[in-house]
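Okay, structure first, notes after.
The values are calculated or read from the model by the stated rules, or taken from the named source; none is laboratory data. These figures come from a predicted structure and were not determined experimentally. Neighbour counts are summed over all protein chains in view; Cβ atoms, including those assigned to glycine, are modelled from backbone coordinates with ideal geometry. Protein only, heavy atoms only, side chains kept; ligands, DNA and RNA dropped before computing areas. Shrake-Rupley method; radii C 1.70, N 1.55, O 1.52, S 1.80 Å.
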Amino acid sequence: MQQAIGPYLLLEANEDDIWEVMNVNEATLPEHYTQEFYREIYENFPEGFLVVKLNGKVVGYEMNRLERGLSNFGFNFVKKGHVVSIAVLEEHRNRGLGTALLNESMKKIKENGCSEIYLEVRTSNDPALKLYSKLGFTIIRTIPYYYSDGENAYVMAKKLQ
Ligand code: ACO
Ligand code: ZN
């Protein structure tokens, strides 16, 4: 899989991209993870670990996990995709990269037998909330004090038909 978005390339990460992904994460989000965590996510669902590159350099990423658990839309047990983290470097935002990442991940998550996708997001994160709403996610519930600084999270989810 490889998709051009203007001068950018959206593709599946390889394991060597992880350190660059970690740098993008450090520059864009307060939630950081160990290298072990990234590797575990990668090994569990490599084709769901996506990067956007410009001239070979990672400028955005999305990593996902395949899970089984209660549906966000009922009381049945389902296979679902979890958007663990998505980010684009600030100077490359508003060019459709976040949209392209999420659209591709939804395709892959669905191909892997999941009937829904979900994520947690800070209730103050307007750009992310707009992106998720635009792509059909709805707010399912609020988790109080989800983040280490005490901010609440929305759980947002979308059915994959
Ligand atoms: N203010 C308000 N809305 C915005 C903004 C902004 N500054 N930027 C983008 N949007 C909205 C718009 O609705 C846009 O849709 P449209 O252009 O069709 O109207 C939509 O977001 C998507 O824009 P894209 O260009 O596709 O997304 P972008 O490449 O800018 O990436 C992202 C969006 C990933 C949320 C980016 O802002 C980012 O990296 N933010 C910092 C990291 C972050 O907050 N990640 C999400 C945390 S939650 C989680 O990871 C599950
Ligand atoms: Zn999460």
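Candidates are the residues of the stretch 112-139 that are under 16 Å from Thr28 (Cα atoms) and of a type in the set (S, T, N, Q); the one that is nearest to ligand 2 (Cβ to nearest atom) is Asn125. Looking at Leu101, Leu66, Leu50, Leu54, just one residue is more than 8 Å from ligand 1 (Cβ to nearest atom), crowded, with 20+ Cβ neighbours inside 10 Å and in contact (Cβ under 8 Å) with a residue 40 or more places away in the chain, and that residue is Leu50. Restricting the stretch 119-130 to residues that are more than 13 Å from the chain's Cα centre (by Cα) and part of a helix (DSSP H, G or I), the residue that is surrounded by the fewest Cβ atoms within 10 Å (Cβ to Cβ) is Asp126. Annotation: Ser85 fulfils all but one of (1) away from ligand 2 (no atom under 15 Å from the Cβ); (2) among the small types (Gly, Ala, Ser); (3) surrounded by 16 or more Cβ atoms within 10 Å (Cβ to Cβ); the unmet one is (1).
Comparison of Glu91, Glu47 shows that the only residue that is out of contact with any Asp or Glu (no Cβ under 8 Å at 6 or more places or on another chain), more than 16 Å from ligand 2 (Cβ to nearest atom) and part of a helix (DSSP H, G or I) is Glu91.
The residues of the stretch 54-70 that are away from ligand 2 (no atom under 16 Å from the Cβ) and more than 16 Å from the chain's Cα centre (by Cα), listed by number, are Leu54, Asn55, Gly56, Lys57. Among the residues making up the stretch 136-161, those that are on the phi > 0 side of the Ramachandran plot and either touching a Leu at 6+ places or on another chain (Cβ under 9 Å) or open to solvent by less than 50 Å² (accessible area, probe 1.4 Å) (or both) are Gly136, Gly150.
The test for being assigned to a loop (DSSP other than H, G, I, E, B) and polar (S, T, N, Q) does not hold for Asn64. Those residues that are within 16 Å of ligand 1 (Cβ to nearest atom) and among the aliphatic types (A, V, I, L, M), I need them from the stretch 69-88; list them, please. Once the filter is applied, which keeps residues that are within 16 Å of ligand 1 (Cβ to nearest atom) and among the aliphatic types (A, V, I, L, M), the stretch 69-88 yields Val83, Val84, Ile86, Ala87, Val88. Restricting Ser133, Ser115 to those that are touching a residue at least 24 places away in the same chain (Cβ under 8 Å), among the hydroxyl-bearing types (Ser, Thr, Tyr) and surrounded by fewer than 17 Cβ atoms within 10 Å (Cβ to Cβ) reduces the list to Ser115. Being more than 10 Å from ligand 1 (Cβ to nearest atom), over 16 Å from the mean Cα position of the chain (by Cα) and among the acidic types (Asp, Glu) holds for only one residue in Glu116, Glu91, and it is Glu91.
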